[in-house]
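See below for the structure under consideration.
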Amino acid sequence: MSQFFYVHPENPQGRLMKQAADMIRQGAVVVYPTDSGYAIGCHIGDKKALERICRIRDISKTHNFTLVCRDLSEISEYARIDNTAFRLLKHNTPGPYTFIFKGSKEVPKRLLNEKRKTIGIRIPDNKITQALLAELKEPIMSTTLIMPGADMAEYDPEHIRDILEHQVDLIIHGGYLGEKPTTVIDFSEGDAVILRVGEGDPTPFE
């Protein structure tokens, strides 16, 4: 049975954020809110937790995973980012974007795209996510919570509880969110390439 935290979307309770971060460090699989629906994540170095996420979402280990980061300095540690991309990210984060970069040596190989050696990077504009990351002091390995057979991210935490309370360790209720996915921008070959238009405005990257 998973734990279920009601967290204030504007003023996240520090006690609950600390408890959630401790659970992630200890191997928990966590469902948490972002600025584009709910995500499911775990500790960046936890292979078993990653395998659980793959089973829940019915995805392979070659799925394009995302590191959800606090800020640009954290991104620079895990992604190979040039000055042009850095400036674009500086003016457009936090926000509902996923950026694709070549991964650095800090990224566990199992998280990289097998062929392209890339990793997704996000800085969500969500106060709960930011508070959790500040407490954790490292990225969360994440993927959007899209259940098998569904097209959109889960947005209703009560429904998530109904379907996943026996499969995940923690669900953070941060309100009812929009279903629209992130806009995906690929910087892995240098210039920005828009792979998907979603919640984030693609104009700055065109």
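Key figures for this structure:
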item: Pro204 vs. criteria in contact with a strand residue (DSSP E or B) (Cβ under 7 Å, 6 or more places away or on another chain) and either assigned to a loop (DSSP other than H, G, I, E, B) or at pLDDT 95 or above (or both); result: no
item: Enumeration of residues in the range 97-136 that are assigned to a loop (DSSP other than H, G, I, E, B) and either closer than 18 Å to Ile172 by Cβ or in contact with a Phe, Trp or Tyr (Cβ under 9 Å, 6 or more places away or on another chain) (or both); result: Ser104, Glu106, Val107, Leu112, Asn113, Ile123, Pro124, Asp125, Asn126
item: Qualifying residue in the range 18-37 (condition: on the phi > 0 side of the Ramachandran plot and in contact with a helix residue (DSSP H, G or I) (Cβ under 9 Å, 6 or more places away or on another chain)); result: yes
item: Filter result (over 15 Å from Ile160 (Cβ atoms), of a type outside the set (A, V, I, L, M, F, W, C), outside any loop (DSSP other than H, G, I, E, B) and in contact (Cβ under 8 Å) with a residue 60 or more places away in the chain) within the range 1-25; result: Gly14, Lys18, Arg25
item: Which listed residue is among the hydroxyl-bearing types (Ser, Thr, Tyr), under 22 Å from Ala150 (Cα atoms) and touching a Leu at 6+ places or on another chain (Cβ under 7 Å), from Tyr78, Tyr38; result: Tyr38
item: Selected residue (only one of Met1, Met23, Met17 is within 18 Å of Gly174 (Cβ to Cβ), more than 15 Å from the chain's Cα centre (by Cα), of a type in the set (A, V, I, L, M) and surrounded by fewer than 19 Cβ atoms within 10 Å (Cβ to Cβ)); result: Met23
item: From the options Ile81, Ile40, residue that is assigned to a strand (DSSP E or B), β-branched (Val, Ile, Thr) and in contact with a helix residue (DSSP H, G or I) (Cβ under 7 Å, 6 or more places away or on another chain); result: Ile40
item: Residues of the range 26-37 satisfying the condition of being assigned to a loop (DSSP other than H, G, I, E, B), touching an Asp or Glu at 6+ places or on another chain (Cβ under 7 Å) and surrounded by fewer than 22 Cβ atoms within 10 Å (Cβ to Cβ); result: Gly27, Ala28
item: Sole exception among (1) surrounded by 19 or more Cβ atoms within 10 Å (Cβ to Cβ); (2) touching a helix residue (DSSP H, G or I) at 6+ places or on another chain (Cβ under 9 Å); (3) modelled with pLDDT of 95 or more for His91, by number; result: (1)
item: In the range 159-183, residue farthest from Leu16 (Cα to Cα) [restricted to those that are part of a helix (DSSP H, G or I) and in contact (Cβ under 8 Å) with a residue 12 or more places away in the chain]; result: Ile163
item: Count of the range 184-194 residues which are in contact with a helix residue (DSSP H, G or I) (Cβ under 9 Å, 6 or more places away or on another chain) and part of a loop (DSSP other than H, G, I, E, B); result: 4
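The values are calculated or read from the model by the stated rules, or taken from the named source; none is laboratory data. Since this is a predicted model, take the numbers as computed values, not measurements. Don't worry about glycine lacking a Cβ; one is built from the backbone with ideal geometry, like all the others, and counts go over all protein chains shown.
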